[in-house]
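K.L.:
Once you've had a glance at the structure underneath, I'll fire off some questions.
The values are calculated or read from the model by the stated rules, or taken from the named source; none is laboratory data. Every value quoted in this text rests on a predicted model; they were computed, and no experiment measured them. Don't worry about glycine lacking a Cβ; one is built from the backbone with ideal geometry, like all the others, and counts go over all protein chains shown. Keep in mind that these areas ignore ligands, DNA and RNA; they rest on the heavy atoms of the full protein, side chains included. Shrake-Rupley method; radii C 1.70, N 1.55, O 1.52, S 1.80 Å.
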Amino acid sequence: MSAQEATPPAETAPAGASPEALRAAFDRLKAAYRKDGPIPYKERMRLLKALKGAILSRKEALCAALNSDFGNRARAETLLAEVFMVVESIRHTRAHLQDWVEDEEREISWHLQPAKGRVIYQPLGVVGIIAPWNYPFQLAFLPIIAAVSAGNRVLLKPSEYTPATNAITRQVLAEVFSPDVADLVEGGPELGAAFSGLPFDHLLFTGSTKVGRIVMEAAARNLTPVTLELGGKSPAIVHGSYSLAKAAARIAWGKTYNAGQTCIAPDYVLVPSGQESAFADAAEAWIRKAFPTLLQNQDYTSIIHPGHHKRLLGLIEDARAKGATIREVNPAGESFSLGSGKLAPTLVLGATEDMDILSEEIFGPVLPVLGVPDLDAAIAYVNDRPRPLALYYFDHSNKRQNQVLNSTVSGGACVNDVLLHNTQEELPFGGVGPSGVGAYHGRTGFLTFSHAKSVFLQSRLAGNALLDPPYGGLIENVSKLFVGR
Ligand code: NAD
């Protein structure tokens with residue numbers, strides 16, 4: 001089916017769902033789980049295959065929808081970070097699901113042999129997923145794929161800032177799943193609050209640390225387990241022995257991809273003291289080459305909405321007012337207004353701790369470049385701050401790579417590149433501390449949405465009943481054997 005012929009949006013939960021529609025969608029999923037139980041393995045495989053087809057047939061519509069939601073969203077970024085990432089996750093899941101769903105035999109200790117031990121992976125039931133706006137399709141569907149692969153039913157609440165993408169998401173869900181398997185409700189923070197107060201069997205939230213706290217609090221009232229995929233300030237550290245030009249190119253790429261609106265974008269960079277300007281020169285050179293113009297350049301993604309744009313301008317102005325040097329990279333000398341939706345990549349030198357830019361997650365194409373005297377100081381800088389979602393280290397020395405990886409705690413890390421750890425299905429993706437709780441992707445995602453049920457299978461030859469009360473000489477002798485005299 002072509003995108004133009006796509007199924008009309010499902011009638012089940014209209015845009016801006018009322019609390020009643022939300023509750024009805026949830027109750028329908030719960031009732032279906034009670035009635036029909038887990039989605040069988042073969043059906044999961046069929047659904048995932050159908051999902052792939054439904055997405056691929058809408059890739060052009062999806063590019064157009066993201067473009068409309070962002071003002072301008074680079075087509076290549078939509079094709080790779082939304083379509084390919086999701087389709088690749090389906091491919092990987094379908095290739096491995098047979099192994100993942102298998103019960104696992106576990107060793108039974110010598111004193112209870114010949115009993116057997118087994119772990120059974122059961123779906124949890126009905127899973128809630130709350131998605132943000134920055135990769136609205138990927139961050140809705142990667143959790144859906146993981147939840148469905150584990151046999152769950154799903155209710156999704158996407159961001160209110162991506163209505164065009166949400167319309168495609170709704171079409172895809174309606175084409176592939178019946179609303180008692182997967183459904184969607186749309187709405188803003190108020191609906192999000194009601195959503196996270198529902199007694200889901202698991203809730204996966206992707207968004208800010210601030211809202212993550214509220215979601216966890218609401219879920220706690222139902223003892224609903226949560227996976228929180230949050231944000232934070234992910235550092236990049238460049239060792240003095242590493243090519244400044246190479247590091248600057250990779251960091252500038254990560255900072256301008258989706259105009260820096262990426263949870264794992266390098267937030268700031270630490271370079272050896274005295275190399276701040278040289279690093280900024282190299283980053284600027286890469287940006288000028290990658291984006292010779294910005295305003296009409298379709299490769300350079302816009303800032304999603306004026307509120308976010310103003311926040312970013314505010315961070316820059318606060319840094320400027322407090323004495324930082326602001327280097328706007330504007331290769332064609334264009335004028336930017338709020339209405340243009342574009343924010344020129346901006347390097348910030350000489351930032352100090354009293355500036356908001358060093359305490360708030362930036363989430364845009366603005367990069368503070370800070371000098372540190374040595375590697376120990378860089379590690380200390382990171383460890384003095386909340387644990388980040390990602391850490392990037394540029395250095396060819398294995399010894400120092402291990403030093404950095406072992407002496408810092410971050411959700412994930414990339415050595416000599418940025419962002420790419422997130423694209424690997426078999427690398428668990430998640431934060432630590434304020435950058436997140438739990439993880440998913442690949443088998444980790446399957447496990448996140450499964451209950452690992454322990455089963456002890458007694459043998460016909462069991463002898464433990466011989467040790468029942470009334471206790472006598474036999475248990476005395478056996479306990480000497482177990483615990484010594
Ligand atoms: P956000 O926290 O404002 O919103 C995320 C979702 O939560 C939206 O669907 C929103 O409607 C909903 N929401 C808002 N208030 C709510 C409430 N009180 N209760 C329940 N739900 C509520 O985040 P955002 O602005 O959409 O996204 C940006 C943030 O997300 C950044 O901090 C970024 O780092 C983070 N993020 C993290 C990841 C990750 O995988 N770790 C990925 C992308 C984005």
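K.L.:
Is the stretch 103-111 home to any residue that is at pLDDT 95 or above and in contact with a helix residue (DSSP H, G or I) (Cβ under 9 Å, 6 or more places away or on another chain)?
P.N.:
no
K.L.:
If you don't mind, there's one more thing I want to ask. Within the stretch 202-217, take every residue that is farther than 16 Å from Tyr440 by Cα and open to solvent by less than 10 Å² (accessible area, probe 1.4 Å) and give me the one that is farthest from the ligand (Cβ to nearest atom). First the steps, then the outcome.
P.N.:
Step one: of the stretch 202-217, the residues farther than 16 Å from Tyr440 by Cα are 208-217.
Going one step further and asking which of them are open to solvent by less than 10 Å² (accessible area, probe 1.4 Å), we end up with 212, 215.
Details: Gly212: 7, Val215: 5 Å.
Per the stated criteria, the residue is Gly212.
K.L.:
Ok, one more. Among what's in the stretch 131-161 and is in a helix (DSSP H, G or I) and more than 10 Å from the ligand (Cβ to nearest atom), pick the residue that is nearest to Phe363 (Cα to Cα). Steps first, answer last, please.
P.N.:
Restricting attention to the stretch 131-161, the residues satisfying the condition of being in a helix (DSSP H, G or I) are 138-149.
Still in the running and more than 10 Å from the ligand (Cβ to nearest atom): 141, 144-149.
Details: Phe141: 22, Ile144: 25, Ile145: 26, Ala146: 26, Ala147: 28, Val148: 30, Ser149: 31 Å.
Once the filter is applied, the top-ranked residue is Phe141.
K.L.:
Only residues in the stretch 246-273 that are outside the structural domain of Val418 (by TED's automatic domain parsing) count as the first member; pair them with residues that are open to solvent by less than 20 Å² (accessible area, probe 1.4 Å) and within 13 Å of the ligand (Cβ to nearest atom), Cβ under 7 angstrom, at least 6 apart or cross-chain, and list the lot.
P.N.:
Filtered contacts from the stretch 246-273: no entries.
K.L.:
Six or more apart or on different chains, Cβ under 7 Å: which pairs go from a residue in the stretch 176-200 that's more than 20 Å from Tyr161 (Cβ to Cβ) and within 16 Å of the ligand (Cβ to nearest atom) to one that's polar (S, T, N, Q) and at pLDDT 95 or above? Could you list them?
P.N.:
Within 7 Å, the pairs are Pro199/Asn222; Pro199/Thr224; Phe200/Thr224.
K.L.:
Also, I was wondering about something else. Out of all the residues in the stretch 112-129, is one or more within 16 Å of the ligand (Cβ to nearest atom), of a type in the set (A, V, I, L, M) and either under 23 Å from Cys263 (Cβ atoms) or open to solvent by less than 10 Å² (accessible area, probe 1.4 Å) (or both)?
P.N.:
Residues of the stretch 112-129 that are within 16 Å of the ligand (Cβ to nearest atom), as a first pass: 127-129.
Pick out the ones that are also of a type in the set (A, V, I, L, M) and you get 127, 129.
Filter once more, so that each one left must be either under 23 Å from Cys263 (Cβ atoms) or open to solvent by less than 10 Å² (accessible area, probe 1.4 Å) (or both): 127, 129.
Checking the stretch 112-129: at least one residue is within 16 Å of the ligand (Cβ to nearest atom), of a type in the set (A, V, I, L, M) and either under 23 Å from Cys263 (Cβ atoms) or open to solvent by less than 10 Å² (accessible area, probe 1.4 Å) (or both).
K.L.:
Between a residue in the stretch 364-388 that is over 30 Å from Ile304 (Cα atoms) and any residue that is modelled with pLDDT under 95 and not polar (S, T, N, Q), which pairs come within a Cβ distance under 9 Å, given they are 6 or more apart or on different chains?
P.N.:
none
K.L.:
Going by the conditions given, is Leu56 out of contact with any Ser or Thr (no Cβ under 7 Å at 6 or more places or on another chain) and either open to solvent by 50 Å² or more (accessible area, probe 1.4 Å) or within 16 Å of the ligand (Cβ to nearest atom) (or both)? Give the derivation first.
P.N.:
On the way: out of contact with any Ser or Thr (no Cβ under 7 Å at 6 or more places or on another chain): yes; either open to solvent by 50 Å² or more (accessible area, probe 1.4 Å) or within 16 Å of the ligand (Cβ to nearest atom) (or both): yes.
Yes, satisfied.
K.L.:
Next up: Suppose we filter the stretch 328-366 for residues that are of a type in the set (Phe, Trp, Tyr) and under 27 Å from the mean Cα position of the chain (by Cα); how many remain? Lay out the reasoning, then the answer.
P.N.:
Step one: of the stretch 328-366, the residues of a type in the set (Phe, Trp, Tyr) are 336, 363.
Add one more test, that the residue is under 27 Å from the mean Cα position of the chain (by Cα), and what stays is 363.
Qualifying residue count, the stretch 328-366: 1.
K.L.:
Look through the stretch 249-278, keep the residues that are in contact with a strand residue (DSSP E or B) (Cβ under 9 Å, 6 or more places away or on another chain) and among the small types (Gly, Ala, Ser), and return whichever of them is surrounded by the fewest Cβ atoms within 10 Å (Cβ to Cβ).
P.N.:
Gly274
K.L.:
Let me ask something else. Which count do you get for residues in the stretch 166-175 that are within 16 Å of the ligand (Cβ to nearest atom) and either in contact with a Cys (Cβ under 6 Å, 6 or more places away or on another chain) or open to solvent by 20 Å² or more (accessible area, probe 1.4 Å) (or both)?
P.N.:
1
K.L.:
Among the residues of the stretch 409-438, write down those that are in a loop (DSSP other than H, G, I, E, B) and either surrounded by 20 or more Cβ atoms within 10 Å (Cβ to Cβ) or within 15 Å of the ligand (Cβ to nearest atom) (or both).
P.N.:
Step one: filter the stretch 409-438 for residues in a loop (DSSP other than H, G, I, E, B), giving 409-411, 416-419, 424-428, 430-432, 438.
Across the stretch 409-438, the qualifying residues are Ser410, Gly411, Val418, Leu419, Gln424, Glu425, Leu427, Pro428, Gly430, Gly431, Val432, Gly438.
K.L.:
What are the residue pairs meeting all of these: first residue in the stretch 28-41, first residue closer than 15 Å to Ala147 by Cβ and among the acidic types (Asp, Glu), second residue modelled with pLDDT under 95 and not in a helix (DSSP H, G or I), Cβ atoms under 8 Å, and 6 or more apart or on different chains?
P.N.:
Pairs that qualify, where the first residue is closer than 15 Å to Ala147 by Cβ and among the acidic types (Asp, Glu) and the partner is modelled with pLDDT under 95 and not in a helix (DSSP H, G or I): there are none.
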